[in-house]
Amino acid sequence: MSHVLLRHRDIPDLNTLSVYKKNGGFAAFKKAVSKMQPNEVTDVVKNSGLRGRGGAGFPTGMKWSFIDNKNWPHYVVANADESEPGTFKDREIMESNPFQFLEGLAIASYAVGATVAYIYLRGEFWQVAAFLDEKIAEMEEAGFLGDNLFGTEYSLKIFTHLGAGAYICGEETALLESLEGKRGQPRVRPPFPPSYGLYGKPTIINNVETFTNVPMILANGADWYKSMGTADSSGVKIFSLSGRVRKPGNYELPFGTTFRQLIYEYGMGVQDGRPVKAIMPAGASSSLIVVDDKVLDTPMDYATVRTLGADLGSASVIVLDDTVDIDWVVNKTIHFFKHESCGKCTPCREGNYWMRNLTERIHSGAGSQGDVDLLLNVAKQMQGKCLCALGEFSTMAVVTGIERFPQDFKKAVKA
Amino acid sequence: MSLDKKYPKEIKQLLAKYPPEHKRSAVMPLLYLAQREEGYVNKEAMQDIARILDITETEVASIVGFYSLYHDKKAGKYRMQVCTDLPCALRGADEFLNNLCENLGIKVGETTEDGLVTLESVMCLAACDRAPMFQTQGPDGIKYHEYMTVDRTMELIDALKKAEKEGKE
């Protein structure tokens, strides 16, 4: 099957403007701007069933339709803060198929009437940002960005903006704060960005992968897109596969592909031929899934993964084999969240600090069963008490780790 | 020399990205500019940025404190930031970092005697399939180094040392 998003794997040099144009590049943007009304573009995206690829899976077209048309100007922001441990797909898109992403961003901007769009990249993507700046300049030169595009009244500018090392800025309202030159701390919602976003103006924020779908949807139609994937989750998804597999990497597959296919057909199985012990389907923010044959044969879409007591999220699938101790895993994820908590909400700031002390003690062998019970208690008390999802996510591996792998914690406190 | 005297062209370009009434948005790019030469943001630069953007020095300092890629203290010319998060650790990142420490004779957070490299352990860098990996943060920005071994890292450090020596001559 040829790729929809990772098309550079089929077409060499797709990251050059001439090759991208030769392969249908910017035809969708031109069609949208010169032949379609903005709401018609939104309708096509809505009908395609495209859902946000950043983790939440919110219907993209519906989000666009929420833009407040009584308040101007509008902005579109691409979330390129890719920071979830286990996720590395947006970087590949931006490095190797940048124009398809930029075209999708441009189409979205037209659909919601934005004349300025920003790309917020994590600070570590310094080289990626410089590369995108070059590509944006090439688009301006070629007349795909700037004033009076395709002879119409529509104008658009795209700018990159580098973050500086803060996982929380992947949360959309923290990202907006950061883009406004403040500390990246989430806002109280509602109001949501489509009514109150960047500089207090209506703003649409989508993930890089979400935008990258859009030119293909516009070019081939909503029905074509829906013909892939499942009824719940249409289309294709990039699965970032990491951990103890032989061939980690990005794999673009239709929703509904099973864990077994991803791990054994694409990832070439587990290192040293060992069995899979657990899967984290949404990076460090995941619940831990206990793996058996039934789990391996589960199709990956948003609704079905939920039946396993986990979320598909950004589809960053971390594979743990039977040599991995879950108390070690939980210690790792809590070190991450302790470091990345922005400090705004007390349960998250304090909870992660104390959870880190506990996981460290348990993993070092100095802990007791009482520490394990206390850890579970702290995690459960944090749930539902924070402004953004970070506080919630930090508890997922802790709670599911202790409840689903109690033997690992018993062993750790006995040793 | 003040920041705006040193980089007038760059600052003008950066400010042009944002609406004039929201120029505070430029605080992050200006901080990168400020730490380009010394590898950290000194007090004078924070004052300059506050003046350029019409915000207080405390507000600038709060940004420096919040984000991990800004530094208010001098370190080695290159910060070597090894990812030891879960996916990298599952592919040997902790062992890699330990061996690197042994080879360099320094601990995490310390700087080599010649002041060239500070070794740090950092959170996920979105290169989980290419571990062990690290980034170098230095005068020329941030660069990724992937599929690393201790040998290849020592070669990189030797190359940086050589470039440093030639640059000084």
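Multiplying the residue separation of A:Met62 and A:Asp292 by 0.36 nm and removing their Cα-Cα distance gives an extension gain of 79.1 nm.
Ranked from largest to smallest solvent-accessible area, with a 1.4 Å probe on the protein heavy atoms, A:Thr173, A:Thr16 come out as A:Thr16, A:Thr173.
Here the calculated FRET efficiency for A:Asn71 and A:Gln369, from their Cβ-Cβ distance with R0 = 51 Å, stands at 0.35, rounded to the nearest 0.05. Exceeding 25 Å between C-alpha atoms, which entries from my cross-link table qualify? They are A:Lys21/A:Lys70; A:Lys332/B:Lys107; A:Lys46/A:Lys182; A:Lys332/B:Lys74. Exceeds cut-off: A:Lys21/A:Lys70; A:Lys46/A:Lys182; A:Lys332/B:Lys74.
Placing +1 on each Lys and Arg Cβ and -1 on each Asp and Glu Cβ, with no other charges, gives the protein assembly as shown a dipole about its Cα centre of roughly 820 debye. Seen from A:Phe29, the other residues with C-beta closer than 13 Å to its C-beta sum to a net charge of +3, counting Lys and Arg as +1 and Asp and Glu as -1. Before anything else, pin down the relative contact order of chain B: Cα pairs under 8 Å, at least 6 apart, normalised by residue count, whole percent. After rounding, I find 19 percent.
Calculated [222 nm] ellipticity per residue, helices only, for chain A: -13000 deg cm²/dmol; basis is -39500 (n - 2.57) per DSSP H run with n ≥ 4, divided by all residues, nearest 500. Considered as an equivalent ellipsoid built on the Cα gyration tensor, segment A:236-321 has semi-axes of 17, 14, 12 Å, the largest given first. Using the Cβ-Cβ distance between A:Tyr264 and A:Ala389 with R0 set to 30 Å, the FRET efficiency works out to roughly 0.45.
If you take all other residues with their beta carbon under 12 Å from the beta carbon of A:Arg260, and give Lys and Arg +1 and Asp and Glu -1, the sum is -3. Here the gap between A:Glu95 and A:Arg9, fully extended at 0.36 nm per residue and compared with their Cα-Cα distance, gives a gain of 29.8 nm. Label separation (A:Arg404 vs A:Gln127): 3.6 nm, computed from points 7 Å beyond Cα along the C-beta direction.
Partners of A:Lys294 within straight-line reach, counting lysines whose Cα lies under 16 Å from its Cα and excluding those fewer than 8 residues away in the same chain: A:Lys277. Summing charges over neighbours of A:Ala106, with a neighbour being any other residue whose Cβ is under 13 Å away from its Cβ, gives +2 when K and R count +1 and D and E count -1.
Net charge dipole, segment A:37-147: roughly 580 debye, given to the nearest 20, about the Cα centre with Cβ charges of +1 for Lys and Arg and -1 for Asp and Glu.
Taking every C-alpha pair closer than 8 Å and separated by at least 6 residues, the mean separation divided by the residue count of chain A gives a relative contact order of 16 percent.
For segment A:181-277, the list of trypsin sites (Lys or Arg not before Pro) that fall in a loop by DSSP and count at most 14 other C-beta atoms within 10 angstrom reads A:Arg246. Here's the picture: charge each Lys and Arg Cβ at +1 and each Asp and Glu Cβ at -1 in chain A, and of A:Val330, A:Val413, A:Trp126 the one pushed furthest to the positive end of that dipole is A:Val413. Split the accessible area of the protein assembly as shown by element, probe 1.4 Å, and carbon with sulfur accounts for 51%. Using a cutoff of 8 angstrom between alpha carbon atoms and counting only pairs six or more residues apart, the relative contact order for segment A:95-226 works out to 26 percent. Selection among B:Val64, B:Tyr18, B:Met28 by position relative to the dipole of segment B:3-66 gives B:Tyr18 as farthest towards the positive end (Cβ unit charges, Cα centre).
Extending 7 Å from Cα along the Cβ direction at B:Thr149 and again at A:Ala303 yields two label points whose distance is 5.0 nm.
Seen against the Cα atoms of chain B and their longest principal axis, helix B:57-66 is set at about 20 degrees.
Residue separation of A:Ser2 and A:Asp223 scaled by 0.36 nm, minus their Cα-Cα distance, works out to 77.8 nm of gained length. Taking chain B as the reference, fit the longest principal axis to its C-alpha atoms, fit the long axis of helix B:93-104 to the helix C-alpha atoms, and give the angle between the two in degrees, 0 to 90, nearest 10. Here the helix axis deviates by roughly 90 degrees. Annotation for A:Glu153 and B:Lys17: the two label points, set 7 Å from Cα along the Cα-Cβ direction, are 3.1 nm apart.
Rounded to the nearest 20 debye, the dipole magnitude of segment B:78-168 is 200 debye, with +1 charges on Lys and Arg beta carbons, -1 on Asp and Glu beta carbons, and the Cα centre as origin.
The values are calculated or read from the model by the stated rules, or taken from the named source; none is laboratory data. Everything numeric in this text was worked out from a predicted model, so none of it was measured. Please note: Cβ atoms are built from the backbone with ideal geometry, for glycine as well, and neighbour counts cover all protein chains shown. With ligands, DNA and RNA removed, areas are computed over all heavy atoms of the protein, side chains included. Shrake-Rupley method; radii C 1.70, N 1.55, O 1.52, S 1.80 Å.
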